[in-house]
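The values are calculated or read from the model by the stated rules, or taken from the named source; none is laboratory data. Note that the coordinates shown come from a computational prediction; the quantities given were computed from them, not determined experimentally. Neighbour counts are summed over all protein chains in view; Cβ atoms, including those assigned to glycine, are modelled from backbone coordinates with ideal geometry.
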Amino acid sequence: MRWGMLINLDKCISCYACVAKCKQEHFLPKDVLWAKILVSETGQEPSVKKQAYPVLCNHCEDAICVQVCPTGATRKNEDGIVSIDPDKCVGCRSCLVACPYQVRTYHRKREPFFGYQGLTDFERIGDKLYPLQTGTVVKCNFCMERVHGGIKQGLIPGVDVDATPACVITCPAKARYFGDLDDPTSEISVLIRKWNAAPLRPDFGTKPSVYYANL
Amino acid sequence: MSDMIAKEKEQYRKIFGERDKSREYWGYSMCSLCYEQCAIRAKVVEGVPVAMEGIPESDAGARGGLCAKGVSGILDNLNPNRVLYPLKRTNPKKGLHEDPKWQRISWDEALSIIAEKLNAAKEKDPRSVVWTHTPGPTGGMKCMITVAGYFVSFGTNSYCTGGPGPQCGAAAHHIGALTNAAWDVFPDYRYCNYVLRCGGNEGSGGGRHSSESVYMQAAAKERGMRLTVLDPVGYRSGAKADEWIPILPGTDLAVMLSIANQIVNEIGVYDEEFLRHKTNACYLIDDSQVYVREQGTHKPLIYDEADGMIKAYDDPSLTIPAIEGEYSFNGKKCRPSFAILKEHLKQYTPDWASEISTIPAKKIRQIVQDLVTEAKIGSTIEIKGVKVPYRPACVVGYRGIQSHQNGFHTYAAMQQVNTLLGNLDMCGGLLGSGAVRCKGNPWTDHFKFSPYAGFEGMLTPGFWHSRTPWPPLKPSGPGKSINFSDIFSHGSATRGHVYTNEWEELWTKAGRPFEPEVFFSYNGNIVMNMHNPEEVERFLLKIPFAFAIQPFNNETSEGFCDIVLPETQFLESLDIASGFGIHYCYPAGLDDWCFHMRMPLTEPKGESRNVQDILFDLAERTHIRPSYNTFLENYYSLKNTTWEQAKPDDKKAFNIIGPNEKLTNIELADRTLKYNFGEEHGLEWLRDNGFVRWEKKTEEAYWRAFIEARSPVYYPLLTEEREEIAKLGKKAGFNMDWNHYTSFTTYFPSSLFTAIKPEYDLFVVSPHDPICTYCSSLMNPYIIEFAKRDPFTLNIIMNAKTGKKKNIQDGGTVTLKNPSGDKLTGTVKLSNLIHPQVIAIGGGGGWAKGRPLARNMGYNSNKLLRLNQYFICPITGTHEITARVKVVNTEVSK
């Protein structure tokens, strides 16, 4: 069992829906993003192309962040999800430096979205429902609460909305797929083969669990 | 007054109170942050909305997907800058940047002041009440039904919108009504194999049908559909295209005419059957380009190849209408309009179009070949057991292609290409959107509408809002309408002339039958979404009293309004109108019927109220309740949905609301639901079940094959009424190019190319951005975070080679100046994804205290637009929304 994600770049329109939904799902504070889109362009006329890469934690099989974490806060779960135990994280940020994909953030403190006008009820309730510990490193956890909670209810991640990462369900283009990379018959495995999908920068050698079609 | 609010709250609690007591629940509603109105469900914990999602089981939206704006809507709900109480201006000085110095007042005081002003204005002349709106951020369909219904019932046609209408879809909606009986058009993505998209960012997160089209286009492309995009910028729709072809703004007309020419005169493959039976290509016309008519009946005539007879257009024996040849009727030569159209089009060669548009002629030829090949003219397909024509190719565009001074001919030329392919409302082709025909729902057989053959056999929508599109009203005036829509009777009921600096002169020449006394804005921000704010200010300052209904203050309300009434934000709204945007953004094509409604997910905050309740109160206080109720009755029972129908008739039986009944918003919604979907499907049922869904029939999705009505390839009334419109126009001081009033689509260069000196060498466009649909998008902290990260959202985008020539560096500062001396300074992003002569500005800017986060976010390109009659389409009133500028200053990035 190894959860993974596939993003079809031909379908992605870089609309930030995934970024917004991720932020909402985890009540992320101002300027903290677990999902991002890297936008650029390449080439000259007439072959110029826009480049837009939605990025998130790659939940690498050989995760450097796990190796460098001095307290064991960053760990790789049996299902392939790389997660951080905030109670063990001391905020040393070794992982933040080590991650070749630069998808980790140090959470200093919650700045109000509306500045001097103070926290909204959404931010206040977020602190209760999904507390982020200040002084720790945070990142995408493949919505493991949804995935694990969904499985407990008998739901199938990648198929049932309530067991699937929030970025996947909100994508208006249905560019994202989630499933078991170890199961060769899963939709994600079939599509990775069909579209010849690959991770970003495989040369980093960390064996990411996030694949991209039409790179 | 407090009794009314207490009653509203009591009724709310009766329906939603039990649910609200739960610590956590999911509720159904509809988004309202752009035109699309996606179906949503939201999670509420301890009274706070915490999650927003699409609804996978519904075809309304992106099948469970939801865009960034929609997801972010929760923070709009909780925005500390919301207006929560009625406000009165205490600073008597009005104008741009003025601080209104708001004072909180009671609802009773606010409505008393407004009613007094409205009644006084009505006494003088109801048309002295000028009204405007924007269908967002909370307006949705309410602006076109709830609000418009009030003002047409009041008796004012002084409908003076800015962003919507003249800058958006004035030509598209008018021509859409004639060609597709629809407000807009939408590729049939389920079956289409080739789309030529001309600007607009539908499919890439912008425009109408924004999320639905993202889902549909992505699925179609995965299936193998090819997409070619003609667009000045390549980082939106162009980024997802198989081929992006840069085009100079405002030149699409030349390309479309050239495509039509190649189809009929070079390739010679077009849908003859469609032209014969579904268009007026067969109507006979004489040398003066008007219909040859039957004596006595005055009916247009058609030559029947079956028996060689000339017959009235509606003769039941008509079998094979001729579209070619020359005939004689009463000794006069005549020909089918198509025969003359073919000759007319010969002048528009690909080389000629290439010179104008900057698109290589060989590319234009390739596009034509692709369209003709992929359209599979003559083929059929079986859908749900019913055989229908199959035309899986189309050309589509919206604001980008039509919002130019030559808007009518440009959009008509685009539709002419589709007509020649025979794809209008055919499987795989170009569908009227959202929905054009419904044969009723399974529970009541209500909710029925269908297009039909109206005046002279031409296609007429069975469901419409705004004034009746076909036949157009007879030109009249001047002086009947403050926006001169009396003279310019073809097209939208709204025109932007009042906001130009020549309005005083025009109105004086029109006789000044009345003066504007009251200005009303619903959810609008006309100062920001029109053209140069200083010109808009000039008109607004003339009006003694202004009020607005909206959940937020903005540049318009702070600068000019005397009273602002707080409307519920969309997550607190109960809004039956949202379910009746049937021909607006409804599940298109074979998507199932999915009736959703905006329902409150939390109790309204402060003293904010639903606009329907506010307007019921105002209708009472301004003594128009019977007319307003009649409008709502007719609309929601689908008896008659156009604006000409608000005439009370006590004797008629009613289905939903009687002329003198005093209902609340909740009662109106419940009765409307029960009338349309049965007693068991009222508000409580919808609260628990979310939406009503039933299967769409082939005859509804692809109705064209089943309705005997004709679309135009020839616009006879334009020629017939040219002289009269010119005469009336000149009387009011208009000196427009009246030649636009011609029956064949014809090349007229936009005044962009004829009225501006070449030294203004750059063209400024404002492409729709998926996260910044309105300037109000930039009030949301989520959206601001994303916008700041995207190089194409908040910067001034300039072609990299052009920048190099002008010594402009990426990240540097540039000042642009238009011929009127207006300047805009901002940060440049150099890119190869833009035409060398084009600058793109996504939008933004603003200074209102009510929108503190939006300050200094992006740039408002409208500032560079100056408007007068020479930059307005003489037919549809479409504004030229491309500005021409030159670079006057540059600074290197620090």
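Before moving on, here are some points about what is shown:
- Screening B:76, B:125 for residues that are under 28 Å from residue B:144 (Cα atoms), surrounded by 24 or more Cβ atoms within 10 Å (Cβ to Cβ), in contact with a Pro (Cβ under 9 Å, 6 or more places away or on another chain) and among the acidic types (Asp, Glu) leaves exactly one candidate, B:76.
- Candidate set: the stretch B:14-51, residues that are part of a loop (DSSP other than H, G, I, E, B) and free of Cβ contacts under 8 Å to residues at least 60 places away in the same chain; chosen: the one nearest to the other protein chains (Cβ to nearest Cβ): B:46
- When the stretch B:694-731 is filtered for residues that are surrounded by fewer than 18 Cβ atoms within 10 Å (Cβ to Cβ), touching an Asp or Glu at 6+ places or on another chain (Cβ under 6 Å) and not in a helix (DSSP H, G or I), only B:695 remains.
- The condition of being charged (D, E, K, R) and assigned to a strand (DSSP E or B) holds for residue B:88.
- Conditions (1) within 29 Å of residue B:63 (Cβ to Cβ); (2) out of contact with any Leu (no Cβ under 6 Å at 6 or more places or on another chain); (3) buried (at least 17 other Cβ atoms within 10 Å of the Cβ); number of the one not met by residue B:655: (1)
- Members of the stretch B:775-812 that are surrounded by fewer than 24 Cβ atoms within 10 Å (Cβ to Cβ) and part of a loop (DSSP other than H, G, I, E, B): B:790, B:791, B:795, B:806, B:807, B:808, B:809, B:810, B:811, B:812
- Subset tally (residues that are assigned to a loop (DSSP other than H, G, I, E, B), free of Cβ contacts under 8 Å to residues at least 40 places away in the same chain and within 13 Å of chain B (Cβ to nearest Cβ)) for the stretch A:114-154: 4
- Residues that are in a helix (DSSP H, G or I) and not hydrophobic (A, V, I, L, M, F, W, C) were ranked within the stretch B:837-894; the one that is farthest from residue B:819 (Cα to Cα) is B:852.
- Which numbered condition residue B:19 misses (of (1) surrounded by 22 or more Cβ atoms within 10 Å (Cβ to Cβ); (2) in contact with a strand residue (DSSP E or B) (Cβ under 6 Å, 6 or more places away or on another chain)): (1)
- Pairing each residue of the stretch B:360-378 that is charged (D, E, K, R) with any residue that is assigned to a helix (DSSP H, G or I) and buried (at least 21 other Cβ atoms within 10 Å of the Cβ), provided the two are 6+ apart or on different chains, yields C-beta distances under 7 Å for B:365/B:262; B:365/B:350.
- Residue in the stretch B:1-13 that is surrounded by the most Cβ atoms within 10 Å (Cβ to Cβ), counting only those that are among the aliphatic types (A, V, I, L, M) and in a helix (DSSP H, G or I): B:4
- Any hit, the stretch A:201-208, residues being in a loop (DSSP other than H, G, I, E, B), on the phi < 0 side of the Ramachandran plot and either in contact with a Gly (Cβ under 7 Å, 6 or more places away or on another chain) or of a type outside the set (Gly, Ala, Ser) (or both): yes
- Residue satisfying all of: in the stretch B:207-220; over 20 Å from residue A:215 (Cα atoms) and not hydrophobic (A, V, I, L, M, F, W, C); farthest from the other protein chains (Cβ to nearest Cβ) among these: B:208
- Filter result for the condition that a residue is closer than 30 Å to residue B:888 by Cβ and of a type outside the set (Val, Ile, Thr), over B:755, B:705: B:755
- On inspection, residue A:37 passes the criterion of being within 12 Å of another protein chain (Cβ to nearest Cβ), under 30 Å from residue B:48 (Cβ atoms), surrounded by 17 or more Cβ atoms within 10 Å (Cβ to Cβ) and aliphatic (A, V, I, L, M).
- Boolean, residue B:830 is buried (at least 24 other Cβ atoms within 10 Å of the Cβ), hydrophobic (A, V, I, L, M, F, W, C) and in contact with a Gly (Cβ under 7 Å, 6 or more places away or on another chain): no
- Exactly one residue among B:223, B:276, B:190 is within 14 Å of another protein chain (Cβ to nearest Cβ) and among the basic types (Lys, Arg), and that residue is B:223.
- Restricting attention to the stretch B:384-411, the residues that are in contact with a Leu (Cβ under 7 Å, 6 or more places away or on another chain) and within 18 Å of residue B:202 (Cβ to Cβ) add up to 5.
- Some residue of the stretch A:151-162 being among the hydrophobic types (A, V, I, L, M, F, W, C) and surrounded by 22 or more Cβ atoms within 10 Å (Cβ to Cβ): no
- Scanning the stretch B:509-548 for residues that are touching an Asp or Glu at 6+ places or on another chain (Cβ under 8 Å) and either hydrophobic (A, V, I, L, M, F, W, C) or part of a helix (DSSP H, G or I) (or both) gives B:514, B:527, B:528, B:533, B:543, B:545, B:546, B:547.
- Candidates B:859, B:870 - the one that is of a type in the set (Ser, Thr, Tyr) and out of contact with any Ser or Thr (no Cβ under 7 Å at 6 or more places or on another chain): B:859
- Looking across A:17, A:73, one residue alone is small (Gly, Ala, Ser), touching a residue at least 12 places away in the same chain (Cβ under 8 Å), on the phi < 0 side of the Ramachandran plot and within 10 Å of another protein chain (Cβ to nearest Cβ). It is A:17.
- Hits in the stretch B:233-260 (condition: crowded, with 22+ Cβ neighbours inside 10 Å, more than 10 Å from chain A (Cβ to nearest Cβ) and not β-branched (Val, Ile, Thr)): B:241, B:249, B:250, B:252, B:253, B:254, B:256, B:257, B:258, B:260
- Scoring residue A:178 on the criteria (1) on the phi > 0 side of the Ramachandran plot; (2) within 14 Å of chain B (Cβ to nearest Cβ) leaves a single failure, condition (1).
- Selected residue [outside any helix (DSSP H, G or I) and modelled with pLDDT of 95 or more] from B:208, B:127, B:190: B:190
- Residue under evaluation residue A:45, criteria (1) at the interface with chain B (Cβ under 9 Å from one of its Cβ atoms); (2) farther than 30 Å from residue B:363 by Cβ; (3) touching a helix residue (DSSP H, G or I) at 6+ places or on another chain (Cβ under 9 Å), criterion not met: (2)
- Only one entry in B:794, B:778, B:833 is within 25 Å of residue B:560 (Cα to Cα) and aliphatic (A, V, I, L, M), namely B:778.
- Checking A:50, A:30, A:23 one by one, the residue that is under 23 Å from residue A:162 (Cα atoms), within 7 Å of chain B (Cβ to nearest Cβ) and either without any contact (Cβ under 8 Å) to a residue 60 or more places away in the chain or not polar (S, T, N, Q) (or both) is A:23 and no other.
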